[in-house]
Amino acid sequence: MTENLKPKREAWGTRIGLVLAMAGNATGLGNYLRFPVQAAQNGGGAFMIPYFCALLFLAVPLMWCEWAMGRMGGEKGHGTTPGIFPLLWKHPLAKYIGAIGVLLPVAVGIYYVYVQSWTLAYTFFAVLGKYAGIASKEGMSQFLSNFQGVNSAWGVSETAYVFFLATMAVNTIILMGGIQKGVERVANWGMPVLIFLSIMLVIRILTLGAPDPSQPDNNVWNGMGFIWNPDFSQLTNSKVWLAAAGQIFFTLSVGFGMIQVYASYLRSKDDVVVNGLSTTMVNEWGEVILGGTIAIPIAYAFFGPVGTVEVAQGGAFNLGFATMPLVLDRLPMSLLCGTSWFFLLFIAGTLSQIALVYPGITFLQDELKWSRKKAVAVISALVFIAAHIPILGLRNGALDEIDFWAGTFGVGLFALMEVVIFVWIFKPENAWKEINKGAQVNAPKIFLWILKYVTPVYLAILFAAWAIQQGPAVLSMEGVSGQDAAWRWAARLLLLGIFAVLVFLIRRAWKKQEVLP
């Protein structure tokens, strides 16, 4: 592309806006729902050993790589990996491999928007007292099922669908504002509100004590012990290490192709080392300190150790939408506590959903030269139409299927591709120079060695362990049949279809560039 044809790109208005937007990108529902469940299921405090190993050897190095790649691509008018990878690797396949970095976040966004809409619905339910008076976990689970409409003829209720439409409208309005007037503006007020509500809930929970005086051992502090006391025997289980790495990828948004997009709106000399580390620390504080203190400890105080094990085994959705409204409804000032919980989840979900679909928008703007409004309209329409597969097929596992391939398997595979291309093909010295360009403080040199050897080997081992332990059963849909299999195949075909369209658009865009003078 010739210099005079490079589009004028947006830029972040302020450094704090950048950090808050990047932190908002990472601070999603996983911090408050997925993390405590993963920790409780995988050895409690012992889970934090593989968790922090994954943070140090995978997340931080990959995060710096993605920030540096994004800034480098932005200088050349490319904000997504189909345009960035060819700058690093002069090979015809590079741009098509880069298509995965657009596919993964958009695919996750297709089902994530529906879950985001539940948080909006439950915010209203909390205000209106819709679930007030439900006294059992079974009753609250039934309330959730009725809201979702999983037992109805269509698999979705009118109420759930209305809130889905409302959430789509909110997201589209924000996206139309672009980086400064949309993403940054929402992050500037959304993150402080989210943190304030989280701290308020933490204080309320830590001062709760034992709700039932006849069972003094069922208290919040013993609940803290439940999630943090280590079961070191779990460290020999490869599943725990895989779960820890998966949680780190999910919570920090590395391996999705999302960080590159936001980083592409940096200026050429903007720091990525300190800014990147700042957003990582904000997210980790939110996840480990806030997320780890709210849900599981309060569940322990009300249900005891046996009941809390059942809660953790029920998964993140059960924790967030069945257990939490039940226990918060029993607290003094229950309306305020319940509303705060679901509204903070809605803010977290909104910031993440915006980041998930932005790679698709940026791709259309950068590579096809579409206007922002046209790109937002097309991506929003795609998400709206495609979301009907996880919505209507929720009870049949369609959402779980997309989540696995796009949010777990694909992320690990793409992260390995990224580090090989950026570090080994682009050359280690070039990668290190790009990371430290404009840095206020250079990254410790030990991380160059980690990037060259530890990170790719770590990723390869995790990938191989999954392939051996779970690969055949997942690929063959072992134990899945009938309508469940049909919906799961629909989810797989949706992902393949989106990838095929991306390949077509990339081929078309590059052909146009070849004929430019």
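The values are calculated or read from the model by the stated rules, or taken from the named source; none is laboratory data. The structure displayed is predicted, hence computed values, not measured ones. So basically every Cβ, Gly included, is an ideal-geometry build from the backbone, and we count neighbours across all protein chains shown.
What to note about this one:
- Tally of residues being under 30 Å from residue 54 (Cβ atoms) and touching an Asp or Glu at 6+ places or on another chain (Cβ under 9 Å) across segment 371-393: 1
- Complete set of residues in segment 439-473 that are surrounded by 14 or more Cβ atoms within 10 Å (Cβ to Cβ) and touching an Asp or Glu at 6+ places or on another chain (Cβ under 8 Å): 439
- Flag if residue 288 is assigned to a helix (DSSP H, G or I), surrounded by fewer than 24 Cβ atoms within 10 Å (Cβ to Cβ), β-branched (Val, Ile, Thr) and in contact (Cβ under 8 Å) with a residue 60 or more places away in the chain: yes
- Where residue 272 falls short, out of the listed (1) crowded, with 24+ Cβ neighbours inside 10 Å; (2) in contact with a Phe, Trp or Tyr (Cβ under 8 Å, 6 or more places away or on another chain); (3) hydrophobic (A, V, I, L, M, F, W, C); (4) at pLDDT below 95: (4)
- Filter result for residue 339 (assigned to a helix (DSSP H, G or I), buried (at least 24 other Cβ atoms within 10 Å of the Cβ), of a type in the set (S, T, N, Q) and touching a residue at least 12 places away in the same chain (Cβ under 8 Å)): no
- Residue tally, condition buried (at least 20 other Cβ atoms within 10 Å of the Cβ) and closer than 13 Å to residue 44 by Cα, over segment 294-318: 4
- Annotation note: of 207, 159, 167, the sole residue that is without any contact (Cβ under 8 Å) to a residue 24 or more places away in the chain and within 24 Å of residue 339 (Cα to Cα) is 207.
- Counted as qualifying within segment 1-71 are the helices (runs of 4 or more DSSP H) with 1 or more residues that are hydroxyl-bearing (Ser, Thr, Tyr), modelled with pLDDT of 90 or more and more than 25 Å from residue 271 (Cβ to Cβ), namely 48-54.
- One residue alone among 375, 348 is buried (at least 23 other Cβ atoms within 10 Å of the Cβ) and part of a helix (DSSP H, G or I), and that residue is 348.
- Scanning segment 449-506 for residues that are β-branched (Val, Ile, Thr) and in contact (Cβ under 8 Å) with a residue 12 or more places away in the chain, we see that the one that is nearest to residue 249 (Cα to Cα) is 455.
- Among the residues making up segment 72-91, those that are buried (at least 21 other Cβ atoms within 10 Å of the Cβ) and not in a helix (DSSP H, G or I) are 78, 79, 80.
- Segment 369-391 residues that are farther than 12 Å from residue 168 by Cα and in contact (Cβ under 8 Å) with a residue 12 or more places away in the chain, paired with ones that are among the aromatic types (Phe, Trp, Tyr) and not in a helix (DSSP H, G or I) (beta carbon under 8 Å, 6 or more apart): 378/370
- Any hit, segment 412-430, residues being touching a Gly at 6+ places or on another chain (Cβ under 6 Å), under 24 Å from residue 257 (Cβ atoms), among the aromatic types (Phe, Trp, Tyr) and in contact (Cβ under 8 Å) with a residue 60 or more places away in the chain: yes
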